[in-house]
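Worksheet: one structure, shown below.
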Amino acid sequence: MAGTSRLPAGGRLLAGRVLPGRARGAFVLRHLVRFVISLAALLVASFAMIHLIPGDPVRASLGPAAPVELIAARRAALGLDQPLLSQLVSYVRNVLGGEFGTSFLSGEPVGEVIAARLPNTLVLALLATVVALLVAVPLGMWAGVRTENGRNRGTEATFTSATGAAVAVPEFLYSIALVTVFAIGLGWFPPAGRGGPESYVLPILALAIAPAAMIARISRVETLRELGTDYVRLARAKRLPAARLYVRHLLPNTLTATLTVGGLLLTSLIAESVLVEYVFAWPGLGLRVVESITQKDYPVAQGVILVYGVIVLTVNLLVDLLLGVLDPTSALKES
Amino acid sequence: MRHLLRTPAGLAGTTLVALMVILAIAGPPIWGAEAERIDPAVILQGASAAHPLGTDNLGRDILARVLVAGRLSLFLALLATLIGAIGGTVLGALPAVLPRRPARLVTGTVNALVAFPGLLLAMFTAVIAGLGARGAVLGIGVAIAPGFARLTQTLAASVAGADYVSAARMLGVPRRRIMTRHVLPNIAEPLILNLTQALGGALLGLAGMSFLGLGVQPPSFDWGRLLFDGFGRIYSTPAVALGPAVAVALAGIGFNLLGDVLARAASRTAVPAGKAAPQAASMPGELDAPDPEAVLEVRDLTVTFPGGVTPVRGLSLTVAPGEIVGLVGESGSGKSLTASAIGGLVPYPGEVSAARLRLCGTDLGELPEQERRKLLGTSLAMVFQDPMASLNPALRVGGQLAEVATVHQGASRAEARTRAVDRLGHVRIPEPERRARQHPHELSGGMRQRAVIAMGLMGTPRLIIADEPTTALDVTVQRQILRLLREVTGESGAATLFISHDIAVVGELCHRVVVMYAGRVVEELPVEKLASGAAHPYTRALVASLPDMDTDRSLPLASIPGHQPSPAELGPGCAFAARCELATGRCAERPPLIPYGKAHQVACWEAS
């Protein structure tokens, strides 16, 4: 996992560079091994979660007045009366078979809850990431070009403070503000629920604003760095049109760091969407996990948090592998 | 402290944070009673004069509650930050103390945790610790810790290479002691500066948890909890959600802006801002008639930077077709900037002025933008020092060549490609077809420099400006590149302006040598005269400093004592006087560049 959390070190995207076969194999293998180890650790952590709850989770969830037989039955159903190790083994076996237990509250299989709700969450996070990247990368490049070598100090100050402020406002406040203005005030978009395309607009905006500001900042810094290179000087000496200079020559070289952050962002958006889903009553995993935690519906909380964790690990693995393909120097450096 | 207030962001951040702190201290004593006063007569009201933000389900004034809640919000955030910062720092420092395997385990765990979104970790912890402020604070603390652990590791690694740490290690100081005595104190400042940002993050995180109903529970209330209560009524009375939302947003922005400035202050060295007062351009003398034959004609070229720094002063230069002119000087003499000025590439905020700047018989100043771009794009070829850096690593070599033809000459993509391959072959790159399809890193240094030269040949170059084109290359490759430059110049009839600090190479390649010192031309002479006929003491010293086969190896190599004055410290006299053995009182006045025999000019009082 060292690679996933690698800070955007300013590597370059070297499209089409290919690692020698063996090095590439070793690189992929190393990341897969790490992925599997992390997955195992995650499974143990999610298993331990229930057991780390002080006292008896069943009694905690059913309340002090619950009859003893019910508690015993519930404990047996959860396998809590078994030795710890065999509980872990059967937990892992069940999870791998798609069995996440049943909800204390509704009696639904947790697996079904997840299958029904996960797509809604993923769509929201993916679209928000795409929107953030599409807006922020050109914005950051523009700001970078405008403020090269310290010209246009006004633009720089405005850009830095505006993005700094935008990053600092959490998505649930954006959600509330957007709902208040555009749904309740102007009535342009539905205030809650998932329906037609118009119902996606506000949740996606709420999720995308802060990440967009963050990406724009990174994109600007990357642009500034690349503007100082000799190849840009040479491209300028060739008197290429601005569009060609920036899009063909500059953009690809600024993307590595931007995409690294974009990948990490996607994972954090999946988690942050909990709050946005809550505001917009969006039928995703987040809404359900909040309900399950407040109502002590532990099997659901456990299953959903596990799924979140698996998504995070998977996205990180994909980002790492993608970067390894795009920028082999970083892959080689790692080994 | 003053730099905090210098930028608008720092000022805004400091002000907001100061307000928050004042609110946390003064809020509860002032508005505490009103925030708790239950009034059944006014439950669930919207905004009114008596209650600007409305009232809650017990008729309590929401504005008062927002003002009071600041203390709990900040206190819990501070608590969570401390938990996260202490836990994270310990976690980050552990690998330096533990044996190898456990250390790797800790590092791996930290790396894995950093990748997890904070909210996820916070929810996980909150499930275990239970609903309420305790669970939320622990959860946010756990969410903050990995970031601090990572920061500690990074900072510790940067200090680990320092001499004093190495020295302690050599002395056999135990690792734990090295960590606590030598490493941690030295990284404490950036860690502490990062607390501000972490505090902002914790505040927002806790507000989020409380907003979800996972944090502070009644009868306690923080901003998140007030938002939770107000959110349900957002359709009927939006004002009740507005107050806590604005409070959270302002606190978040305040801590983040301040944290930004502090974090940057930790890494910045003071850069004095130059006074932006561009100096008046040098006075042009009488201009002779332009030379229609010359490829390049420059008169009184001056490059000025703000603060009156003038690295190139009144430079004049004429280059005839087919001629190879060497521009020689120490680093900092202004030779590269001269090249940039001719190519119109002087970086902002530099300013270029010239009494005349003609390329291929056309005055660049009079040409419309479009035509100037085309002229410079096709007639002027530039070759820079580092061939790896001057090719775009993301694009194929062939494409970078071809675009000159498609952009400026309207060639089709296929034509441009064919020409690119042809030119690559022309500079004797083997298998040009294959090389054109490759990326720069797949070519050797010499081949890349050839490719850059080939790029210059895509148009119809009249002038090739080669700025130290061989400095970054192996000696054997240098020869090949020099030979190539000479051939290209001979074949195309283009002229070459060859910029170098290496007077030996210049003597070998060029027809004519122009010597620069501190931004001015001090001597211009045919290459045959370089070895024995140089008139300026600086040129002679340069030539004398070259070792040859007869140099006595037992003696130290000849060098020029002293250093070249920087553009900012130039006086009115001869810039070389301080280092010159022949200097007299007259050198306090600057000697003009005057003819000294055939095709030879020199600026020295002693030469005439």
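Readers should treat all values here as calculations from the given coordinates under stated rules, not as data from a laboratory. It should be emphasised that the depicted structure is a prediction, and the values quoted were computed from it without experimental measurement. Every residue, glycine among them, receives a Cβ derived from its backbone with ideal geometry; neighbour counts consider all protein chains shown.
Compared with the dominant Cα axis of chain B, that is its longest principal axis, helix B:133-160 is turned about 20°. Spatially, region A:278-325 and region A:190-209 are offset by 19 Å when compared through their Cα centroids.
Think of chain A as a dipole: +1 on every Lys or Arg Cβ, -1 on every Asp or Glu Cβ, centred on the Cα centre; then among A:ALA212, A:ILE53, A:LEU313, A:ALA212 lies furthest on the positive end. If Lys and Arg each add +1 and Asp and Glu each add -1, what is the summed charge of the other residues whose beta carbon sits under 12 Å from the beta carbon of B:ARG71? It works out to a net charge of 0. A cut-off of 5 Å between modelled amide H atoms, ignoring neighbours fewer than 5 places along the same chain, links B:VAL383 with B:ILE465, B:ALA466, B:ASP467. Using the Cβ-Cβ distance between B:THR109 and A:ALA66 with R0 = 35 Å, the FRET efficiency computed as 1/(1 + (r/R0)^6) comes to roughly 0.40. Here the mean projected area of the convex hull built on the C-alpha positions of region B:21-136 is 10.2 nm². About its Cα centre, the dipole of the protein assembly as shown is roughly 1400 debye, where the only charges are +1 on Lys and Arg Cβ and -1 on Asp and Glu Cβ.
Sequence-distant contacts, meaning Cα pairs under 8 Å at least 6 residues apart, place the relative contact order of region B:2-267 at 25 percent. Using a cutoff of 8 angstrom between alpha carbon atoms and counting only pairs six or more residues apart, the relative contact order for chain A works out to 34 percent. Compute the long axis of helix B:445-456 from its Cα atoms, compare it with the longest principal axis of the Cα atoms of chain B, and write down the angle in degrees, 0 to 90, nearest 10. Approximately 80 degrees, to the nearest 10. Among the cysteines of the protein assembly as shown, those with no neighbouring cysteine Cβ under 4.7 Å are B:CYS360, B:CYS510, B:CYS580, B:CYS604. Note on A:ALA41 and B:THR584: the model spin-label points, each 7 Å out from Cα along the C-beta direction, lie 8.0 nm apart.
A dipole drawn for region B:2-267 from +1 and -1 charges on Cβ atoms has a positive end, and of B:LEU191, B:LEU23, B:ALA69 the residue lying farthest that way is B:LEU191.
Between B:ARG181 and B:GLN370, the contour length at 0.36 nm per residue exceeds the Cα-Cα span by 61.6 nm. Label-to-label distance, A:ARG146 versus B:SER158, with points set 7 angstrom from Cα along the beta-carbon direction: 3.0 nm. Placing dummy labels 7 Å off each Cα toward the beta-carbon, the span from B:ARG483 to B:ASP39 is 9.7 nm. Mean partner shielding of peptide A:153-166, defined as the number of other chain Cβ atoms within 10 Å of each residue Cβ, is 3. Summary of the geometry: region B:311-351 and region A:223-243, compared by the centres of their Cα atoms, lie 19 Å apart. Taken over the C-alpha atoms, chain A has Rg and Dmax values of 24.0, 84 angstrom. Peptides B:358-365, B:221-228 ranked from most to least packed give B:221-228, B:358-365, packing being the mean of other C-beta atoms within 10 angstrom over each peptide's residues. Counting Cβ atoms of other protein chains within 10 Å of each Cβ in B:226-233 and taking the mean gives 1.
The mean count of C-beta atoms from other chains within 10 Å of the C-beta of residues in B:198-206, rounded to a whole number, is 1. Region B:69-138 and region A:63-110 have Cα centres spaced 29 Å apart. Charges were assigned to the Cβ only: +1 to each Lys and Arg, -1 to each Asp and Glu. The resulting dipole of chain A about its Cα centre is roughly 1700 debye. The calculated 222 nm mean residue ellipticity attributable to helices in chain B amounts to -16000 deg cm²/dmol, summing -39500 (n - 2.57) over DSSP H runs of n ≥ 4 and dividing by all residues. With N as its number of residues, region B:2-267 has a Cα radius of gyration that, divided by 2.2 N^0.38 Å, comes to 1.18.
Size of the protein assembly as shown from its Cα atoms: along the principal axes, largest to smallest, the extents are 115, 66, 65 Å. Expressed to the nearest 5 percent, the antiparallel share of DSSP beta bridges inside chain B is 60 percent. What is the calculated FRET efficiency for B:SER220 to B:SER331, with r their C-beta to C-beta distance and R₀ = 51 Å, to the nearest 0.05? The pair B:SER220/B:SER331 has a calculated efficiency of 0.15.
Only the Cβ atoms of Lys and Arg (+1) and of Asp and Glu (-1) were treated as charged; on that basis the dipole of region B:2-267 about its Cα centre amounts to roughly 1240 debye. Taking every C-alpha pair closer than 8 Å and separated by at least 6 residues, the mean separation divided by the residue count of chain B gives a relative contact order of 11 percent.
Please identify the DSSP H helices in chain A that span no less than 24 Å along the helix axis (Cα) and have a mean Kyte-Doolittle hydropathy of 0.0 or more. Provide the component values of the computation, followed by the final result.
Values: long enough: A:21-52 (45 Å, 1.34); A:110-146 (52 Å, 1.63); A:198-227 (41 Å, 0.91); A:251-280 (38 Å, 1.29); A:298-326 (42 Å, 2.01).
Those that clear 24 Å and a mean of 0.0 are A:21-52, A:110-146, A:198-227, A:251-280, A:298-326.
How large is the helix-only mean residue ellipticity at 222 nm for chain A, computed as the sum of -39500 (n - 2.57) over DSSP H runs with n ≥ 4, divided by its residue count, in deg cm²/dmol to the nearest 500?
Details: 13 runs with 237 residues, N = 335.
After summing the helix terms and dividing by residue count, I get -24000 deg cm²/dmol.
Only one residue of B:VAL42, B:LEU138, A:LEU84 has its Cα farthest out toward the positive end of the dipole of the protein assembly as shown, where Lys and Arg carry +1 and Asp and Glu -1 on Cβ, and that residue is A:LEU84. Computed from Cα positions, the angle between helix B:369-379 and the longest principal axis of chain B comes to roughly 60 degrees. Kindly work out what percent of the DSSP beta bridges joining two residues of the protein assembly as shown are antiparallel, to the nearest 5. Percent antiparallel among DSSP bridges in the protein assembly as shown is about 60.
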